[in-house]
Each structure stands twice: as C-alpha cells, then as structure tokens.
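Peer 1: Quick one: this structure, given as structure tokens, is what I'll be asking you about.
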Amino acid sequence: MALRLVSRKLGSRFFPMLSFTSQLHSHATSFGFKEVKEEDKSQLVSNVFSSVASNYDLMNDLMSGGLHRLWKDRLVSKLNPFPGMKHLDVAGGTGDVAFRILDTVKSIKYRAIRDPLNDHLLEETHIYVCDINPNMLNVGRKWAIERGYGEDNSLIWVEGNAEKLSFQDQSMDGYTIAFGIRNVTHIEKVLAEAYRVLKRGGRFLCLELSHVEVPVLKDLYDYYSFSVIPALGELVAGDRESYQYLVESIRRFPSQDKFASMIADAGFQKVEYENLVGGVVAIHSGLKF
C-alpha cells in the first residue's frame, strides 16, 4: 500500500487534465472506449447497472477474489464514523458501504449504552444511500431487510444524480463514493456537489479502480481485465458487454495524481491517496475546511 499527499498548488501546476476524457468538448464524452454524446451517457450507464444489479455483489466477489470487502473496510476505517453523523454514500445502491458504516456506528453506540458517561454517543445517525439507478437501490433495500436493517430509520434510500444532489449545502459530515465516479459524465460536477453538501471539517472519500504502477503486475492485470472479466460476466451474469464496459471505463479514468489534482481544484484540502494492490484500486480523500 502506498499513501501519497498531493498539494493543491502542485496538483494544478504539474498535473493538468490531459486525459482523453477531459479533452472531449462539451458535447461528447467517453463510454468505455467509445465516444458518445453527453446526454446519452447517463442512460447507457443506467442500462449497464440495470443489467448487472441482481448479480452485482456476487460479481464483485468473483472479480476481486473477495478483496473488494477489504477495500471497503479500509475506506470506512478512513471515514471514522460516529453516532449522530449525517453521511452521504453516493452510487451506493446495494448498500455495501452504508452497512459497514452503520455497523461501525452501532458498535460505538453499544459501548455507549454500557457506559452512561458516553450517552452523547446515542444521537440518531442518518446514512443516505444515493444512487441514480432504482434497480440498484432495490437490491440494497432487499439486502437491508436480510441483514435486519429493514426497519432501521438510520438508512435512507434516495434516487438521485451525483452531479445534481438534492441535499442542502453543508448538511453532511461525510461523503463516500465507491466504484461509481468513473461512470459519471462530469467528474468535476460530482466533486463540486460533494464539496457543496459537506460541512466544514467534512471528509470526502472515493474508492475506485485505478491504474497499476508496477510493470509486471500491470501486464497481468491487463490480461485479466480484458480476457477474464468479460468472460466471467458472460458466464455468471449472462452479460459480457457490461463487463467489457467496466474494464474499458477504468482505463479512461484519470490517473491517481490527475484525479487528486481534480479533488484539490474542487476546493478540498489535505488531498491524498492510497494505492491498494499496486494501484488496482486507490482511495482518495480530502477535507473541507
């Protein structure tokens, strides 16, 4: 694992947005390796996730060998959840990250119940799970019921667009987005909205498939991505095309340093990222002061 701190000034000067995605004019964007109209991308992405929703978590287990669970645990550990917090998990339809946050909060509240001096930790928590795709949210609600959270008022499911959130300014203590931001049309708008809804002192955290830096591992990862993952998608989910898009979208996503500079340009400070498994995934974070 590698942890890197990126200053806003250096990010703006030395890491200009030279990626294919950022060079596209306002009427075009990328959908995997294809160039499509901006107004068409959200529907194309929605179609992908409508197709994979029922097998989403199973495929995550198969594609990552279960490692995605550890990556999400790491993400939540950086968040430091606390009772009474208002948290927004974007592109979190199946609830995988939200459940981890809620579990952490409940463990803290359990300790508070046993210690009357910590009764301030019994404040009501609100975790908003926001996703643009209703099918993904339906899967999340189903999982919540199976986990015993069906009647838990702490979980609030919201259908919404990450580029135009319905939440008030400075209303959230934390913001997470896992494996979602590379699918949006305008990354800059998502980051601006994250900054807007966070309170002062709030933390932005993004877990995303990224760019492998180790040469030998990169060759193996490329082979696995383009030869194995689409075939696995066809075998398990009956959908090769959606998983072909998945691996292509990763290659179109900005590098770790470029994405860090974008976060800094959105106004966040103390921007840093941590590579996991040689850069197969990266966790980026920033604070709003």
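Peer 1: Just to check your reading of the model, which residue among SER225, SER242, SER210 is closer than 23 Å to ASN275 by Cβ and modelled with pLDDT under 95? Please lay out each step first, then the result.
Peer 2: Values: SER242 fails: closer than 23 Å to ASN275 by Cβ; SER210 fails: modelled with pLDDT under 95.
On inspection, the qualifying residue turns out to be SER225.
Peer 1: Going residue by residue through segment 226-241, is there one that turns out to be among the polar types (S, T, N, Q) and closer than 30 Å to LEU88 by Cα?
Peer 2: Start the filter on segment 226-241 by keeping residues that are among the polar types (S, T, N, Q), which leaves 227.
Now drop any that are not closer than 30 Å to LEU88 by Cα, which leaves none.
No, because not a single residue in segment 226-241 is among the polar types (S, T, N, Q) and closer than 30 Å to LEU88 by Cα.
Peer 1: To continue, here is another question. Only one residue in LYS164, LYS142 is open to solvent by 30 Å² or more (accessible area, probe 1.4 Å), within 19 Å of VAL190 (Cβ to Cβ) and free of Cβ contacts under 8 Å to residues at least 40 places away in the same chain. Which one? Please lay out each step first, then the result.
Peer 2: Numbers: LYS142 fails: within 19 Å of VAL190 (Cβ to Cβ).
On inspection, the qualifying residue turns out to be LYS164.
Peer 1: Of all residues in segment 207-225, how many are closer than 24 Å to ALA91 by Cβ, touching a residue at least 12 places away in the same chain (Cβ under 8 Å) and assigned to a helix (DSSP H, G or I)? Spell out the reasoning first.
Peer 2: Our first condition is that a residue be closer than 24 Å to ALA91 by Cβ; within segment 207-225, this holds for 207-212, 221, 224-225.
Within this subset, residues satisfying the condition of being touching a residue at least 12 places away in the same chain (Cβ under 8 Å) are 207-212, 221, 225.
Imposing the further condition that a residue be assigned to a helix (DSSP H, G or I) reduces the set to 221, 225.
Within segment 207-225, residues that are closer than 24 Å to ALA91 by Cβ, touching a residue at least 12 places away in the same chain (Cβ under 8 Å) and assigned to a helix (DSSP H, G or I) number 2.
So that you can scan it fast, the table gives a plain yes or no per residue for (1) in contact (Cβ under 8 Å) with a residue 24 or more places away in the chain; (2) surrounded by 23 or more Cβ atoms within 10 Å (Cβ to Cβ); (3) touching an Asp or Glu at 6+ places or on another chain (Cβ under 9 Å); (4) of a type outside the set (D, E, K, R):
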site: TYR175; (1), (2), (3), (4): yes, yes, yes, yes
site: THR185; (1), (2), (3), (4): yes, no, yes, yes
site: VAL190; (1), (2), (3), (4): yes, yes, yes, yes
site: LYS199; (1), (2), (3), (4): yes, no, yes, no
site: GLY202; (1), (2), (3), (4): yes, yes, yes, yes
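Peer 1: Has segment 186-197 got at least one residue that is within 26 Å of LEU70 (Cβ to Cβ) and either outside any helix (DSSP H, G or I) or of a type in the set (Ser, Thr, Tyr) (or both)?
Peer 2: No, the conditions are met nowhere in segment 186-197.
Peer 1: So which of LYS106, LYS34 ends up being surrounded by fewer than 20 Cβ atoms within 10 Å (Cβ to Cβ), charged (D, E, K, R) and at pLDDT below 85? Talk me through it step by step, then tell me what you get.
Peer 2: Working: LYS106 fails: at pLDDT below 85.
Unique residue meeting the criteria: LYS34.
Peer 1: Which one is nearest to the chain's Cα centre (by Cα) among residues in segment 67-87 that are open to solvent by 20 Å² or more (accessible area, probe 1.4 Å) and closer than 21 Å to TYR221 by Cα?
Peer 2: Among them, the one singled out is TRP71.
Peer 1: Also, quick follow-up: Looking at segment 249-289 only, could you name the residues that are open to solvent by 30 Å² or more (accessible area, probe 1.4 Å), assigned to a strand (DSSP E or B) and at negative phi?
Peer 2: Selection gives GLN269, GLU272.
The values are calculated or read from the model by the stated rules, or taken from the named source; none is laboratory data. Please read all numbers here as calculations on a predicted model, not as lab measurements. Backbone-built Cβ (ideal geometry, glycine too); neighbour counts: all protein chains shown. Remember, those area values only see protein heavy atoms, side chains included, never the ligands or the DNA or RNA. Shrake-Rupley method; radii C 1.70, N 1.55, O 1.52, S 1.80 Å.
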